[in-house]
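What follows is a set of notes on a single structure, which appears directly below.
The values are calculated or read from the model by the stated rules, or taken from the named source; none is laboratory data. All figures in this text were calculated on a predicted structure; none of them were measured in a lab. Here Cβ is always computed from backbone atoms with ideal geometry, including for glycine, and neighbour counts include all displayed protein chains. All accessible areas refer to the heavy atoms of the entire protein, side chains included, with ligands and DNA or RNA removed. Shrake-Rupley method; radii C 1.70, N 1.55, O 1.52, S 1.80 Å.
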Number of protein chains: 2
Amino acid sequence: MSEPQHSLDRLLSPRSIAVVGASDKPGRIGTMVYQNVIRAFGGRVYPVNPRGGILIDRPAMTSIDDLPDGVDMAIVMVPASQVAGTIEQCGAKGIGAVTLLSSGFAEIGADGAAMQASLREVIDRTGVRVVGPNCIGFMNLHAGVMANFALPHTTPLPEPGPVALVSQSGGFGSYITTKSLLTGVKLGWFVSTGNEVDVNLAEVLAHLVEHDEVKVLMVFSETLRDPDVFIGAARRAAELDKPIVLLKAGRSEEAARAAMSHTASIVGSAAVLDAVCRQYGVIVVDTMEEMLDLGLIFQDGRRASGSRIGIMTTSGGAGVLLADCAAAEGLTVPPIPDRERAAIEAMMPQPFYGSIANPIDTTAQLGAAHPGAYQMVLDALLDVDELDLFTTVTWAQPGPSNDAILSSYQATTKPLAVLSTGYLPEFHAAGVPTYLDPRRAVHALNAVARYSLRPALDRPADPGAGTDPAEVRHLLARADGQRLLLESDSKELLARYGAQVTRERTVGNADEAVEAARELGTAVALKAMSYQLPHKSDVGALRLNLRTAAEVREAYDAMLLEVAELAPHAKVESVLVQEMVPARLELTCGLQRDPVFGPVVAVGLGGTTIEIMAVAELLHVPFSHATAVRTIRGLLGGRLVSAARGLDDLEVDQLASLMVAIGRLATELPGVAEIDVNPVRVSAGRVVAADALVVLDPADSVQPVEAR
Amino acid sequence: MSEPQHSLDRLLSPRSIAVVGASDKPGRIGTMVYQNVIRAFGGRVYPVNPRGGILIDRPAMTSIDDLPDGVDMAIVMVPASQVAGTIEQCGAKGIGAVTLLSSGFAEIGADGAAMQASLREVIDRTGVRVVGPNCIGFMNLHAGVMANFALPHTTPLPEPGPVALVSQSGGFGSYITTKSLLTGVKLGWFVSTGNEVDVNLAEVLAHLVEHDEVKVLMVFSETLRDPDVFIGAARRAAELDKPIVLLKAGRSEEAARAAMSHTASIVGSAAVLDAVCRQYGVIVVDTMEEMLDLGLIFQDGRRASGSRIGIMTTSGGAGVLLADCAAAEGLTVPPIPDRERAAIEAMMPQPFYGSIANPIDTTAQLGAAHPGAYQMVLDALLDVDELDLFTTVTWAQPGPSNDAILSSYQATTKPLAVLSTGYLPEFHAAGVPTYLDPRRAVHALNAVARYSLRPALDRPADPGAGTDPAEVRHLLARADGQRLLLESDSKELLARYGAQVTRERTVGNADEAVEAARELGTAVALKAMSYQLPHKSDVGALRLNLRTAAEVREAYDAMLLEVAELAPHAKVESVLVQEMVPARLELTCGLQRDPVFGPVVAVGLGGTTIEIMAVAELLHVPFSHATAVRTIRGLLGGRLVSAARGLDDLEVDQLASLMVAIGRLATELPGVAEIDVNPVRVSAGRVVAADALVVLDPADSVQPVEAR
């Protein structure tokens, strides 16, 4: 080994490469990969083939032992059964890393999984870093490393570009690579990680985000093995102003089944992944074309200072459709200011049958017949200070109006997307983002606007002098072997962490109930507390709106009678006397623990609505109060705050505090598995937990989460 | 005129054509159109140009007067100011129809609108049918009529295909025509209607749907001038099993503004148009690519017998993504039955590292190296009886696996969509539906499944012996100049049409209120009735849950006192004593009148939820009880009936009856402008209107709707 390097540098930016299993027989993977390597790489390349001889242009080593010491990276393509031995040999020769293209491991079932486990053991012992197995290799065009069979060696070698693609699936990654070339996305990197016996997607992402030449990252993920590294990479990307665009496969149960048989990996909750991505600035897309659409618009590095779009077309219909798309995306299409409007009008040939509003409809008069005017108008539009994003429409035929678009694009620093009937080579070469559909063009522009205007990621302050977990442990202990806390204990626990709950008293008889109601001084509810009755209303364990001592006393007895009759086996521990609180709105707030990302806090519509329609947002713990506020303001596209009777600022603040309280509780009490606060009642500036259920982890209530 | 024809036949399928404004000077529209006509048309063509001489291959007439009598159709391209005179001349020479390409009419403002009005006058007088102005012409490839400048005459003439495109916008229609050629959609017709001074989009649609060679209709619409004709065409298309795919521009306010300046037309509510389309089987799409995607999948005429998709890929990742897309669309991805699975497994080369589940992941082994096996597997998959729709993945390179896909496609009658990195000429030629994105491929297949499984359109029975409008007119008369009915009168009116409303009495003093409550025999609410207080709760005009005579009496006085204090100018007409009805769910039901389509009945979530989140479906009047039931069952993706505490069958039936009642009322009482029933309270098999507001049309309460 010549000098110490970061371990992924020797793998992904090697100065010397061995190709174990290199061949020159047509149609073999060993040949495709070897030819890809030698056509692109400037450093030393050593083919290894037990038969020796000259392979294309240089002699093959017959074994790894014959290699010089300290080769940076070996590409390994031997049968699965020989892989562990080969990596052992690599380690012995000081080879730093292996790109393992062989298949036949965890993806084929139990036998393969056992083989992969023994591979893992060799990796741990030798310290050789391995990407794969069951991957298609990687491409680092900036360093001339084509360690893959993703592109046939007969395909012209692409120019290195600013976009990096990371994909677990080799086949689909190669598909996306091919599509990138067709659509004008300029890749500099493509790394496939396959079964991820060692190096995983998050680690590659964290590595690539630090490379100066990488400006945009596109990720195709089936599973995420290293959530903290992923979040760290997302934070760095946001700091460095490098968008990450993520396409997640395995969202549905059907697909998760397919993904597990494909890469033998556990698939977490797609909703939680979405939430984590939103929280840390990663852009989640729904489909392959959308990923490429965003790669295309982001690769020129332009940013927008607002969400106001200017539209220019030679077809009124296209303009109307583009304006629709803009409105649907939430962009504004403001009128062009009078001065600029007059100036543009003066540029038009007469008689002019189009329209200088926004959209500008130049009609077909302008494009072909007056290319000079076309460019003047487009330049004038791009110059309007009150507009931030731009789109124009053209036909995929070389001609003066396309020359004009090209010049105008190069003369501005504002984002411009072109809608075209097809792709134009000169636009590709110059990097003009070209789209074949109005909605996709506008969606890409909106992605730039949203990314440009994104809020800074927060670093939640240390909870500091919070609740002492030891102090509240007695509350958890009250459960005494049960899997849940009573409503009264659940609310008391929440209150200890700063949540606002209903004022209430726990009582043991009707006299105490009457006295408690008197102390509370409002109409009250009675609720029978029992570990056997988490759903109270079905068995009569609930009485509402009691106003007088007589009503309380009568309801107390009637409730216990009814519970005894409808749920004879339930043991009633106590009765809760709770103030009635009015509600203009009922919300819900809760805690879940995701197998991949750990604790997340949910907030959404509550009450009975939740059974018809679950509307919620999730936040990964920890998060700041400001992030909670932003999340609440984002619910239902902003309608929860903007609607008549929506939340006011004070209520938003209080709801955010409840979320923060639950988040702190989740961090400090790993023994709490779930929390469900439903309803959170909202009325006149008061946001209060009116019912709550804390579910405990049966395994252990004091172990930290990570060890579970 | 030689013989009588349907007027649009002489326009769109002429046997002779005059080209008024024909030219041979390069770059002129007159030249483009003339060359398009003569290169395609087998019948007689007469160029007209005041300068005369030989135009390309035949002598030009110097005026319309020189034409032989009874030419079927004239294409007119003269300046706007000469158009009226030209049409006058056409009429005098017995020309049946004019394709009017000139611009400078309503689209340019008031002057143009005046010119268009005088054009309308000439059309009415002469009986000449006119398509345009401000259109790009039309193309009827089946009859060789290229009366347009949508395609340059240098573009090879497309083969006539089964898809017809109708577009108001000429420019965008021509854009779509060009895209159709690139994506493999086989057009037989393209008609642009422009400003629609005479012939409109709905009429063209109704005409084309009857043509045998037309199998699919694609419509790009900015405004709909003839809703009844449109609905008639949609009905015929459904009967004839011809999908109509509609893209609507001008959905947003921004776009509507642009559309009005573009075609000078009124734009109706996009939500109502969507509802009408859904009701009559028209498929509404969101964007241009989606329209072409559906045109492409529908043009082979294949239908599906279910929604079960079979997926085959050479890339596991692509399979997972396709399965995700299928699940998101609501398709099922069932496992392949054991017998077929074993048979397919036996076809695979060994060792086999893929997976024979659904998706089938053949891995890259199969595609290139074993094309014979590839086709066997694909054929075997297509043969599985338990699967209805299919997709497979390929690369846009000629090769044996693409030959296999082509053969398999031709050997089956089931719908198959191919996901490819790019378009393949041999697939285009054979009509294999090819998509560049997984989501789009699966969405197209789902469109086929949904269209294939669509319910038959109902013909609502005649309301028959319903409520006599004269009988209820006194109820409307009670409003006595007010714009609305009191809640009590509103509910009485609804009840007359068969709606279930709360049991209630109108009273004038506290004694009567107590007596009414006694008669009702339940807890009651009191509501102050006043034309000035449509929103009762804000001013204390509402008292709930009164159980005893004392409570009723006390509440009566307190309510009137509070109203007098908070709304001193309100005149209280009476007090409504209403039974309290329990509610598991609160819904809403109402009537709106759309400026284009007339009365529509809405049903959706009610109560306070509606202010945060409007979820509703609309039905165009008239509709049957069965259609109302289907609409309710479709609300919230079916969750309103499938959720815990969702509607049961009896409740769905009652809610449908309420909708039908409101629909009947809307038909019989055109003086009712709006109805808002909110909430409709649902509990234990009872669906009842608990509050209702009828708004009257101030103009006239007896005039029919059309005359308003």
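One table, with the values for the structure above:
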quantity: Any chance residue A:268 is at pLDDT below 85 and more than 24 Å from residue B:309 (Cβ to Cβ); calculated: yes
quantity: Evaluation of residue A:65 against (1) surrounded by fewer than 20 Cβ atoms within 10 Å (Cβ to Cβ); (2) under 23 Å from residue A:139 (Cα atoms); (3) touching a residue at least 24 places away in the same chain (Cβ under 8 Å) (one fails), failing number; calculated: (2)
quantity: Qualifying residue in the stretch B:451-470 (condition: among the aliphatic types (A, V, I, L, M), surrounded by fewer than 23 Cβ atoms within 10 Å (Cβ to Cβ) and modelled with pLDDT of 95 or more); calculated: yes
quantity: In the stretch B:525-572, the residues that are among the charged types (D, E, K, R) and more than 25 Å from residue B:476 (Cβ to Cβ); calculated: B:538, B:543, B:547, B:551, B:553, B:554, B:557, B:562, B:565
quantity: Selection count, the stretch A:672-689, where residues are open to solvent by 10 Å² or more (accessible area, probe 1.4 Å) and either among the hydrophobic types (A, V, I, L, M, F, W, C) or assigned to a loop (DSSP other than H, G, I, E, B) (or both); calculated: 3
quantity: Total residues in the stretch A:489-503, condition part of a loop (DSSP other than H, G, I, E, B) and basic (Lys, Arg); calculated: 1
quantity: Qualifying residue in the stretch B:638-660 (condition: farther than 30 Å from residue B:269 by Cβ, of a type in the set (Lys, Arg) and away from every other protein chain (no Cβ under 14 Å)); calculated: no
quantity: The listed residue being outside the structural domain of residue A:415 (by TED's automatic domain parsing) and within 30 Å of residue A:240 (Cα to Cα), out of A:457, A:542, A:486; calculated: A:457
quantity: Residue satisfying condition, being outside the structural domain of residue A:28 (by TED's automatic domain parsing), more than 24 Å from residue A:19 (Cβ to Cβ) and in contact with a His (Cβ under 6 Å, 6 or more places away or on another chain), within set A:188, A:184; calculated: A:184
quantity: Hits in the stretch A:148-174 - residues which are without any contact (Cβ under 8 Å) to a residue 40 or more places away in the chain and within 11 Å of another protein chain (Cβ to nearest Cβ); calculated: A:154, A:155, A:170, A:171, A:174
quantity: One residue from A:122, A:145 being away from every other protein chain (no Cβ under 14 Å), without any contact (Cβ under 8 Å) to a residue 40 or more places away in the chain and open to solvent by less than 30 Å² (accessible area, probe 1.4 Å); calculated: A:122
quantity: Which listed residue is without any contact (Cβ under 8 Å) to a residue 24 or more places away in the chain, of a type outside the set (Val, Ile, Thr), open to solvent by 10 Å² or more (accessible area, probe 1.4 Å) and over 24 Å from residue A:615 (Cα atoms), from B:649, B:653; calculated: B:649
quantity: Verdict on residue B:251 being under 21 Å from residue B:98 (Cα atoms), modelled with pLDDT under 95 and not assigned by TED's automatic domain parsing to the domain that holds residue B:445; calculated: no
quantity: Wholly within the stretch A:530-622, strands (runs of 3 or more DSSP E) carrying at least 2 residues that are in contact (Cβ under 8 Å) with a residue 12 or more places away in the chain and either over 30 Å from residue A:637 (Cβ atoms) or of a type in the set (S, T, N, Q) (or both); calculated: A:542-546, A:574-579, A:585-594
quantity: Residue list for the stretch A:618-633, restricted to those being open to solvent by less than 60 Å² (accessible area, probe 1.4 Å) and either of a type in the set (Val, Ile, Thr) or within 14 Å of chain B (Cβ to nearest Cβ) (or both); calculated: A:621, A:627, A:629, A:631, A:632
quantity: Filter pass, residue B:287 being among the hydroxyl-bearing types (Ser, Thr, Tyr), closer than 21 Å to residue B:415 by Cα and modelled with pLDDT under 95; calculated: no
quantity: Residues located in the stretch B:277-305, provided they are on the phi < 0 side of the Ramachandran plot, surrounded by fewer than 21 Cβ atoms within 10 Å (Cβ to Cβ), more than 14 Å from chain A (Cβ to nearest Cβ) and in a loop (DSSP other than H, G, I, E, B); calculated: B:280, B:300, B:302, B:303, B:305
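Residue-by-condition table, conditions (1) touching a strand residue (DSSP E or B) at 6+ places or on another chain (Cβ under 9 Å); (2) open to solvent by less than 10 Å² (accessible area, probe 1.4 Å); (3) touching a residue at least 24 places away in the same chain (Cβ under 8 Å); (4) more than 14 Å from every other protein chain (Cβ to nearest Cβ):
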position: A:188; (1), (2), (3), (4): yes, yes, yes, yes
position: A:198; (1), (2), (3), (4): yes, no, yes, yes
position: A:218; (1), (2), (3), (4): yes, yes, yes, no
position: A:234; (1), (2), (3), (4): yes, yes, yes, yes
